[in-house]
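The values are calculated or read from the model by the stated rules, or taken from the named source; none is laboratory data. This is a predicted model, so every value here is computed, not measured. Methodologically, a virtual Cβ is constructed for each residue, glycine included, from the backbone with ideal geometry; neighbour enumeration extends over all protein chains shown. These accessible areas exclude ligands, DNA and RNA; they are computed on the full protein's heavy atoms, side chains included. Shrake-Rupley method; radii C 1.70, N 1.55, O 1.52, S 1.80 Å.
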Amino acid sequence: MAAHSDPIVAIATAPGRGGIGVVRLSGGAIERFIQPLTGKTLSARRATFTRFFDAVGDTLDEGIALYFPAPHSYTGESVLELQGHGGTQVLQGVLERCLELGARLAEPGEFSRRAFLNGKLDLVQAEAVADLIDAGSREAARSAMRSLDGEFSRRINSVKEALIQLRMLVEATLDFPEEDVDFLLRADAWGKLANITEKLDAVLAQARQGALLREGLNIVLIGQPNVGKSSLLNCLAGYEAAIVTEIAGTTRDTVREAIQIQGVPLHIIDTAGLRETEDLVEMKGIERTWAALEKADVAVLLIDAQHGVGTQEAAMLERMGEIPVLTVHNKIDLGNDTPRASADGLELWLSAKTGMGIDLLESRLLQLAGWQATGETTIIARARHVAALRRASKHLEMAKETGTQLELLAEELRLAQEALSEITGEFSADDLLGVIFSQFCIGK
Ligand code: GDP
């Protein structure tokens with residue numbers, strides 16, 4: 001086994017009280033932990049009811065022990081799972097015993113990192129494990145499961161395989177000077193390139209949807225007091241409990257994440273907290289809000305349908321720069337107006353109180369975000385994947401423009417393949433792996 005096979009241990013279940021708590025060990029030499037911990041030898045993959053012992057033979061807990069000899073385990077190494085009672089002290093006791101026996105505490109994501117390094121999962125699948133755990137909606141969870149199943153990896157690999165075939169053609173032409181551009185023309189190299197581009201664009205579109213489902217949409221909410229901002233948030237959230245009404249100035253962290261539309265998370269940045277203040281803590285919060293505004297995808301300006309845009313809102317809009325602004329005229333029920341959208345779709349009329357026209361706002365927000373409810377199965381994806389796919393796409397575009405300069409064509413195709421390999425992890429720098437796995441929870 002490689003250098004990463006030293007025994008690691010972690011409490012795999014969430015902190016706090018629970019019916020069951022699991023301590024998990026993985027590593028090259030964990031067999032030697034079994035006897036002192038359980039006083040037994042364990043059969044492979046068989047649940048064994050046993051006691052867990054401390055150093056002097058006192059019982060720490062009792063429960064089920066499971067032993068998965070390498071390579072048939074999550075990590076690809078030998079794994080031992082001790083399922084005891086889910087109490088903090090009990091689990092801590094078992095954990096400490098494992099440390100005494102020579103294991104070290106696992107870093108966040110280290111079990112999955114080992115699974116990746118041992119070829120049990122590719123990088124996209126390993127990330128999907130974290131995304132499945134973190135999923136904020138059913139749709140996100142289902143999509144993460146699809147990526148974990150390897151659907152996203154298969155789509156990327158299919159593009160990559162076609163690209164490798166094309167590279168072989170081009171490289172062969174370079175290696176044999178008697179072959180020339182005519183040979184590539186006869187082999188329909190540029191037709192093949194066009195096909196690959198088309199395939200890649202389809203994957204990119206799917207990945208963009210997947211990234212949206214994971215990262216969500218950042219919305220800035222602008223509006224004067226009493227125009228109905230809280231009512232609108234509640235209406236979007238679908239239930240009152242999602243939003244807590246705060247006393248002016250007490251909102252320290254203005255970004256809320258309780259809302260989803262069709263499973264897409266909406267991060268609402270409420271600008272109500274952006275007021276002049278002397279309070280240091282509040283100033284910090286305000287700074288954070290301004291920083292969040294820079295990442296906004298769309299600004300929603302809420303106004304009372306009976307009134308227009310005030311000077312304060314106009315000033316706020318000024319600072320929005322390039323961000324698209326959706327103007328929402330609220331309280332149409334008071335004027336007996338009907339819900340509608342302007343022809344350019346940038347203005348909407350609705351009532352947050354009665355819910356009339358909220359569907360218009362929802363579909364407009366999703367549309368602005370680029371979400372297409374195609375009914376097609378979405379796969380979870382990350383900004384990192386979208387960026388790499390874009391890079392691959394750019395290299396394919398450049399490849400098209402190289403004309404008869406075959407060395408350049410070969411190089412662009414190589415770079416495109418490299419970008420794709422980065423996604424699944426065949427070609428990933430160590431520091432990238434560090435960043436990815438450090439975002440996992442401990443014990444996974
Ligand atoms: P905020 O200060 O912008 O968060 O506004 P609120 O959501 O607290 O609403 C202020 C008042 O306007 C409340 O009394 C709401 O019930 C009322 N309100 C909000 N939306 C509507 C609407 O669509 N129609 C009517 N008639 N009243 C509304």
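In region 154-209, which GluC sites (Glu not before Pro) fall in coil by DSSP and have 14 or fewer other Cβ atoms within 10 Å? Please report the intermediate quantities before stating the final value.
Details: sites: 161, 171, 178, 179, 198; in loops: 178, 179.
Taking region 154-209 and a limit of 14 other Cβ atoms within 10 Å, the loop GluC sites (Glu not before Pro) found are 178.
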Might you work out the accessible area of residue 20 for me, using a 1.4 Å probe with all protein chains in place, and round it to the nearest 10 Å²? 110
Residue 414-residue 186 FRET efficiency (beta carbon distance; Förster radius 30 Å; 0.05 resolution): 0.85
Measure off, as a whole percent, the carbon and sulfur share of the 1.4 Å-probe accessible area of the chain, all protein chains present. 52
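Relative contact order (percent) for region 322-375, with alpha-carbon contacts under 8 angstrom and 6 or more residues of separation?
Numbers: 60 pairs, mean separation 15.0, N = 54.
In percent, rounded to a whole number, it is 28.
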Determine how large the accessible area of residue 378 is when every protein chain is in place; take a 1.4 Å probe and give Å² rounded to the nearest 10. 20
Using Cα springs under 10 Å in a Gaussian network model of the chain, which residue among 131, 149, 122 shows the largest mean-square fluctuation? 149
Can you divide the C-alpha Rg of region 139-179 by 2.2 N^0.38 Å and report the result to two decimal places? 1.90
Region 8-121, accessible area per residue, ligands and nucleic acids excluded (1.4 Å, Å²): 46
Show me the trypsin sites (Lys or Arg not before Pro) within region 267-353 that DSSP assigns to loop and that have at most 13 other Cβ atoms within 10 Å of their Cβ. 275, 295
Which length gain, in nm to one decimal place, applies between residue 96 and residue 325 when the Cα-Cα distance is subtracted from 0.36 nm times their residue separation? 76.9 nm
For region 213-237, list residues with backbone N below 17 Å from a point placed 7 Å from the Cα of residue 387 toward its Cβ? 214-216
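Stokes-Einstein D for region 8-121 at 10 °C, 1.306 mPa s, Kirkwood Rh over Cα pairs, in µm²/s? Let's see the in-between values first.
Working: Rh = 13.9 Å.
The estimated diffusion coefficient comes to 114 µm²/s.
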Would you mind computing, in nm to one decimal, how far apart the modelled labels at residue 72 and residue 397 are, each placed 7 Å from Cα along Cα→Cβ? 5.0
Between region 279-301 and region 82-126, what's the alpha-carbon centroid distance in Å? 38
Using the Kirkwood formula on the Cα atoms of the chain, what hydrodynamic radius do you get, in angstrom to one decimal? 25.9
Round to a whole angstrom and tell me the spacing of the C-alpha centers of region 311-351 and region 43-66. 64
Just how much of residue 395 is accessible, in Å², when a 1.4 Å probe is used and the result is rounded to the nearest 10? 30
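Work out how much length residue 346 to residue 175 would gain on full extension: take 0.36 nm times their residue separation and subtract the Cα-Cα distance, in nm to one decimal.
Details: separation 171, 0.36 × 171 = 61.56 nm, distance 5.70 nm.
Once the chain is fully extended between residue 346 and residue 175, it gains 55.9 nm.
What full-extension length gain, to one decimal in nm, is calculated for residue 6 and residue 372 as 0.36 nm per residue of separation minus the Cα-Cα distance?
127.1 nm
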Only residues of region 404-431 count here: report those whose backbone N is under 11 Å from the spot 7 Å along Cα→Cβ of residue 167, or say none. 410-422, 427
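What do you get for GluC sites (Glu not before Pro) in region 323-406 restricted to DSSP loop and a cutoff of at most 16 other Cβ within 10 Å of the site's Cβ? Working shown, then result.
Details: sites: 347, 362, 376, 397, 401; in loops: 376, 401.
Here the GluC sites (Glu not before Pro) that fit, given the DSSP loop and packing criteria, are 376, 401.
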